[in-house]
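Working notes for the structure below.
The values are calculated or read from the model by the stated rules, or taken from the named source; none is laboratory data. Everything numeric here is computed off the predicted structure, so don't read it as measured data. As a convention, Cβ positions derive from the backbone with ideal geometry for all residues, glycine included, and neighbour counts pool all protein chains shown. Each accessible area value is taken on the protein alone, full model and side chains, heavy atoms only, with ligands, DNA and RNA left out. Shrake-Rupley method; radii C 1.70, N 1.55, O 1.52, S 1.80 Å.
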Amino acid sequence: MLKPLGADGRKIAWHGYAECFEGAIAIRRGEVAFGIELMRKGIDTRRAPGKRWHLVLLLSILADVLVAAAAANEASAAVDEALSLAEDTDVNWLRPELLRLKGDALALLGFKASAAECLRQAVILAQSHGALAWQLRAGVSLARLHRGEGNIDLARDALAPVYARFTEGHSTFDLRQATALLDELR
């Protein structure tokens with residue numbers, strides 16, 4: 001466990017980030033309860049006035065690892081808080097990713113229609129922002145949802161066009177996932 005470096009507020013602030021990232025790693029390793037506790041503790045240190053946009057980013061990371069760990073209720077709560085803070089602080093640049101995470105959490109909870117709507121909104125918003133990477137991530141999530149419902153053609157249609165726009169970076173995690181999914185859908 002990390003220890004604060006001192007009473008200096010900046011050192012403590014950076015310590016909060018470190019706790020969040022250490023917690024995210026713990027969740028990815030399967031230590032979900034410990035990781036959530038550590039991330040929440042780190043997030044709480046970032047709740048200082050004037051720094052609320054940081055919380056949106058940290059809550060999105062928390063939601064992402066919770067979705068990966070299939071902790072749907074916790075992921076949904078984290079992304080709801082992030083969406084609310086994003087609206088309050090005009091952190092619009094992160095909204096496509098937050099909508100994707102909300103869609104993934106809803107899909108885990110079994111709310112397929114609501115999940116699909118969030119994911120479609122994420123794709124549209126990412127397109128309007130010119131955020132191709134987030135458009136790809138939302139497209140992967142939407143394709144997985146359609147595949148899970150047996151709609152292979154819809155799944156392919158959700159992902160193939162955005163995937164085709166990438167001319168480099170095919171060794172990155174997101175593009176490797178998209179490639180594997182498209183190979184499955186063929």
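With respect to the stated conditions, Glu22 is open to solvent by less than 60 Å² (accessible area, probe 1.4 Å) and free of Cβ contacts under 8 Å to residues at least 40 places away in the same chain.
Looking for whichever is at pLDDT below 90 and aliphatic (A, V, I, L, M) here; the options are Val91, Val56, Val79. Which one fits?
Exactly one residue qualifies, and that residue is Val91.
On the stretch given as segment 143-186, residues that are closer than 22 Å to Gln127 by Cα and either of a type in the set (Phe, Trp, Tyr) or assigned to a loop (DSSP other than H, G, I, E, B) (or both) total 9.
Confirm whether Arg137 is of a type in the set (Lys, Arg), buried (at least 16 other Cβ atoms within 10 Å of the Cβ) and touching a residue at least 40 places away in the same chain (Cβ under 8 Å). Considered against the rule, which asks whether it is of a type in the set (Lys, Arg), buried (at least 16 other Cβ atoms within 10 Å of the Cβ) and touching a residue at least 40 places away in the same chain (Cβ under 8 Å), Arg137 comes out as yes.
Scanning segment 140-180 for residues that are closer than 23 Å to Glu117 by Cβ and touching a His at 6+ places or on another chain (Cβ under 8 Å), we see that the one that is least open to solvent (accessible area, probe 1.4 Å) is Ala155.
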